[in-house]
Amino acid sequence: MINKSHKFKYSAIALGVASCFAAAPLVAQEQPDAGDDVEIINVTGVRGSQIKSINVKRGADSVVDAISSEDIGKLPDATISDSLQRISGIQIRRSAGEGGSVNIRGLPQVLTQMNGEQYQGANSVVSSQPDFGDVPAPLFRGVEVHKSPTASLGNAGITGTINLQTYRPFDFDTGLTTAGSIEARYGMETESTDPAVNALVNWNDEKVGFLLALAYSDVTLSNSYNGFNTSAVGEVGWTGQFADTWIGEEDQGRWYMGAQGFAAWNQETERERLGVNASLQIDLGEGFVFTSDIFYTDQDEYNRKVGMSATDKWQSWNWFTPTSERATGAEHNGGEFYSWQTIDMNPKRVKSFTQNDSYLADSTNMNFQLDYDNGGNFTGNFRGIVGRANRDKRHGYNEGDLTNGTSTLGRTTNFLPSDKCEAGDEVVGDMGGCNQEINPLGYGENPQLSLDTNGSHPTWSGFDNEISGGLGDGATLADYMSNLGSYNIGAFSSENNENSEADLKAFSLNGSYSFDRGFITSVDMGARLSTREVDFERFHLFSPFHNAGCEAQWKATDVLLNADGACQDGEMVNGEFVPYVVLESVALDEYNNVTYITDFGPVSGIPGMWAVNPKDYDNPEAFHNKVFGSTRKQIVPGRSFAVDLDETSYYVQGNFEFLDGDLTGNVGMRMVETDLSVKQNIAGAGIAYGNSNEDAGDILTKRSYNDYLPSLNMAYELSEDLILRVAFSKNMIPLDLNQWGDGLSISYALDSNEDSETYGQFIATSGTSDGNPELDPWRSDNYDLSLEYYIGEASMLNAAIFKVDIDSFTQNETIQQEVPDADGVVRRSVPVTTNVQGEGGTLEGIELGAKMAMSDLLGDNNMFSDFGFDSNFTYSPSEQESRDIYGDKNMFPDNSERQFNLIGWYQADKFQARVAYNYRSKRLAATGGAWGALNLYQDSIAYVDVSASYDIYDNLTVYMSGSNVTEEYEDYYMEFKDQFAYQNYYEARYTIGIRGKY
């Protein structure tokens, strides 16, 4: 939505643009890219790429690092995030082994531009953190990372701004240029060979130019998991629970990390990715050049997982006993935390589960740009951009239950209406309702299992223990797991589905006037209007059941239609009302295709078992319609919102030159007026048989705030090849929009305590309240000091120190809050995780870098002349006001204190090769686990990637590459390194291809 004042502002700037173009001398041009002056370099390959990157850094008017393509389509990575991780201070997260989200200097509050204007990505609909998992690397000629902003840069992040640079027609020689490649990608775990192609066609005659480039791939990636299981529907991560008593009195006062369950799964992630870049340029004469760009991405991603889970169904936290432990010295509530390494488990349920989380995402970014440069003192440009992104998540879940109901339900029969009864069922109800036996070939007592988390990967045992049940004496749990007839469906569900969309519109007018003499070389001015509109909707799928038409989200054997004050369904049995169960006993293969799984990732000790094929849930709504007749979308009000963010900004910047040109720089001021409109939904009474609430209305919050953001950048040439840089700036970036828009969301679980007044009902267990429209944006004061030594054409050394004083940010806090159970009655207080305003945080550190071509040092005739390397190290400690269990200040979440990159390369006449090593130290993944007491960390990790190519002819190259060739995996722990949390295990992947250019 655009309010009246903004309509006036847009009209005013449109009129101003028309006036400016009526008087051509007043039209200004956008500042040229720092790297434009190096496009004439003809050196290609890895050495040529290094030369381009060095020239970008040397010619920049602020602290900038860059990567440049070796040639058309030759950034050697699947996604642009993979390429970015080679830059000092850039930290990325991998998703299924491919680069995804990006940090700069330890923080995710980073702004993304494309060709100098804001970019709306499909994976960043509500967030500021860049996630380029859907953006193919071959479409780009380079990327610049601005670590200190200028006033003319436009929107900037707290620690940096990423500027993605696409190809445009006038980047190429006149005439026709074509380039392309075709390749095959192979995964060592999936053993799948996947196709990928990219192509570019460009034509220009110096007056008009057309360009079309595309990249397509369809890959299947391995992404296994093992560790804590946090809910009864298979959502896995870390839990926030612990227990203070276990077996006997001697254990009282010891605190242990607890969990609802443990799981191990094998996941295959399929990503069908398409990227298209189209561009038109027209030289209109008299200094005017028109440019139009369209950049489009489309990615369909299916995360298909099957695995095993051992849980206690939320019924207690002391269902396992540590058999190997260590006193940590960390005090809590009068006791001491003990980490455990091995446990004996007494789970009520061992089950197979199938889950499919699909993400259907697309984005379109359009740019319309008119530049003016007629060789005079005035240059400038006008730009209009339109961006739209959509990202829809769909969740499908199924569990294959091995129990006969004795341990999990306290019963071995389901009570069903007469139309569900079958021959042999016991009729007991006044209306013909019957007792149907639950999974008669399932086991009938709690299994006894053990888990050992010592070593590289966990080891399970106990599956060969004998257990009572339908298979008779002598049968083991492994026998039940291998017998398809011993399974029934415990639950079907489709929940936490999402629809999200974002619209971005921006218009900017930039002008520059250069002076023929004096220490002020030019003055830049500009104005920019933008509006960003985001709608986020979360919903569950409900389906109708039985005679009364009651609806349930969880189509499960443990859901009884007995909710007070809501839809009930059942009948009288011996004078008492008995509710029907939602789901009858359903064989695992009655509605589904099934598969026998023996691959649970790198864990050992788990025997094979049966599970549903996750492809059955590529479209969960269609599946639920088929099985249950229909579905209804139930909005989750507390997690659905709309945010409009309107910004009007103005800037003025003076560019100066002193001491015969040895001292250059710029000083400027950017003013940003922000109008924020947030629509939140009020969560009313809970809806029976599900995890949602009635929508009780809307809360509309409108507020405004202004920011004045000065910046200073100076570069002093101490000698011809030695440059000292100093920079200061005030920065601001909006919050992730869900931190303004989200409301209260409550998690429910079935009360299995027979002595409880709510036995058999869904009760509140925890909650999140992420949104607060009164929170301030991120703000900081940034300081940079760097020294750059340019040794040769492809060689340089650099060192930098930086400090970021965070004035305002958000942080998590867990509080006890009274909330209603699913029937709307408030009976208990539960832990609620919420965002609060944080004040006072610091991020500081150093960056060291070296780019070396040995020929620059040793000459061209040395045996090492064809070798080179690119290395950098970043140290970025940080602290905020929240503290860990020991009372020490926490680092900022998602930050790693140390990062190291080393790329060694060789380039001869026709052959070149590269080995890249990327390391980051432990990362704070989340604060306040275990009721706010413990932090979750990802352990340090290092990846090794390789690539090589050979030029068969001047314009025809064969190449290969390998990603994660050492098969590294992510290890997570709760506060203490020996307190295992979970692992993400990725595969090594290899690519072979052929590339041509004409």
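Observations, loosely collected:
- R0 of 35 Å, Cβ-Cβ distance Asn547-Glu501: FRET efficiency to nearest 0.05: 0.30
- Low-density loop positions, chymotrypsin sites (Phe, Trp or Tyr not before Pro), region 141-196 - DSSP coil, at most 16 other Cβ in 10 Å: none
- Multiplying the residue separation of Thr321 and Leu956 by 0.36 nm and removing their Cα-Cα distance gives an extension gain of 222.3 nm.
- Across region 780-798, the residues whose backbone nitrogen lies under 19 Å from the label position 7 Å along the beta-carbon direction of Phe656 are 783-786.
- 10 Å-binned pair-distance histogram of region 597-673 (Cα, whole percent): 11, 15, 15, 15, 10, 15, 15, 4, 0
- Filter on Lys348/Lys922; Lys57/Lys207; Lys505/Lys730; Lys889/Lys922; Lys305/Lys393; Lys305/Lys420 - keep pairs with C-alpha separation over 27 Å: Lys348/Lys922; Lys57/Lys207; Lys305/Lys420
- Cross-link reach list, lysines versus Lys910, counting only Cα pairs under 16 Å and skipping chain neighbours closer than eight places: Lys74, Lys997
- Counting other Cβ atoms within 10 Å as a rough exposure proxy, the listed residues Tyr443, Tyr591, Tyr359 run Tyr591, Tyr359, Tyr443 from fewest neighbours to most.
- Rounded to 5, percent antiparallel among DSSP beta bridges of the chain: 95
- Rg and Dmax of region 664-768, based on Cα coordinates, read 26.2, 83 Å.
- Descending principal axes extents, region 412-509, alpha-carbon based, whole Å: 81, 55, 19
- Environment charge at Leu449 (Cβ cut-off 14 Å; Lys +1, Arg +1, Asp -1, Glu -1): -3
- Within the chain, longest stretch clear of exposed trypsin sites (Lys or Arg not before Pro) (DSSP loop, no more than 16 other Cβ within 10 Å): 518-909
- Translational diffusion coefficient (Stokes-Einstein; Kirkwood radius from C-alpha pairs) of region 561-607 at 10 °C, 1.306 mPa s, in µm²/s: 106
- Annotation: for a label point projected 7 angstrom from Cα along Cα→Cβ of Tyr875, residues of region 885-910 with backbone N closer than 17 Å are 896-901.
- Rounded to the nearest 20, the Cβ-based charge dipole of region 91-237 about its Cα centre (Lys and Arg +1, Asp and Glu -1) stands at 500 debye.
- Look at the dipole of region 906-998 built from charges on Cβ: of Ala916, Tyr998, Asn984, the Cα furthest out on the positive end belongs to Tyr998.
- Cα shape, region 929-998, gyration tensor, a/c 1.5 rule: prolate
- For region 305-384, the share of alpha carbon pairs falling in successive 10 Å distance bins from zero is 12, 19, 17, 11, 9, 9, 14, 8, 0 percent.
- For region 830-909, the spherically averaged projection of the C-alpha convex hull amounts to 9.4 nm².
- Average Cα contact separation per residue, the chain, under 8 Å, 6 or more apart, as relative contact order %: 11
- Cα convex hull of region 70-206, projected area averaged across orientations, nm²: 9.7
- Cα shape, region 573-712, gyration tensor, a/c 1.5 rule: oblate
- Region 317-435 shape via C-alpha gyration tensor axes, a/c threshold 1.5: oblate
- Residues Tyr296 and Val826, FRET efficiency given R0 of 51 Å [Cβ-Cβ distance, rounded to 0.05]: 0.55
- q = 0.15, 0.19, 0.30 Å⁻¹, region 343-400: log10 I(q)/I(0) [Debye, one scatterer per Cα]: -0.74, -0.86, -1.13
- Farthest toward the positive end of the dipole of region 342-422, out of Gly376, Thr364, Cys421, is the Cα of Cys421, where the dipole comes from beta carbon charges about the Cα centre.
- Estimated from the Cβ-Cβ distance and a Förster radius of 45 angstrom, the FRET efficiency linking Thr174 and Leu722 is about 0.70.
- Where labels lie 7 Å past Cα in the beta-carbon direction, separation of Arg898 and Thr193 in nm: 4.3
- For region 459-501: Kirkwood Rh in Å [reciprocal of mean 1/r, alpha carbons]: 13.3
- Rg over Rh for region 842-978 works out to 1.15, both radii taken from alpha-carbon positions and Rh defined as the Kirkwood radius.
- Using the Stokes-Einstein relation with a Kirkwood hydrodynamic radius computed over Cα pairs, the translational diffusion coefficient of region 169-231 at 10 °C and a viscosity of 1.306 mPa s comes to 106 µm²/s.
- Charge dipole of the chain about the Cα centre (unit charges at C-beta), most positive-ward option of Val143, Gly661, Thr701: Gly661
- Net dipole in debye of region 825-977 [+1 Lys, Arg Cβ; -1 Asp, Glu Cβ; about Cα centre; nearest 20]: 720
- Basic side chains Lys and Arg get +1 at the Cβ, acidic Asp and Glu get -1 at the Cβ, and with that the dipole of the chain about its Cα centre reaches some 1760 debye.
- Per residue of the chain, the DSSP helices (runs of n ≥ 4 H) give a summed -39500 (n - 2.57) that works out to -2000 deg cm²/dmol at 222 nm.
- In nm, spacing of pseudo-spin labels at Phe864 and Ile520 (7 Å Cα→C-beta vector): 5.2
- Size check on region 779-915: the Cα extents along the three principal axes, sorted descending, read 83, 34, 27 Å.
- Rounded tilt (10° steps) of 45-59 against the dominant C-alpha axis of the chain: 70
- Measuring how big region 713-823 is from its alpha-carbon positions, Rg and Dmax come out at 26.3, 83 Å.
Computed from the coordinates by the stated procedures, all read-outs in this text should not be read as laboratory data. Just so it is clear, the structure is predicted and the values come from calculations on it, not from any experiment. Don't worry about glycine lacking a Cβ; one is built from the backbone with ideal geometry, like all the others, and counts go over all protein chains shown.
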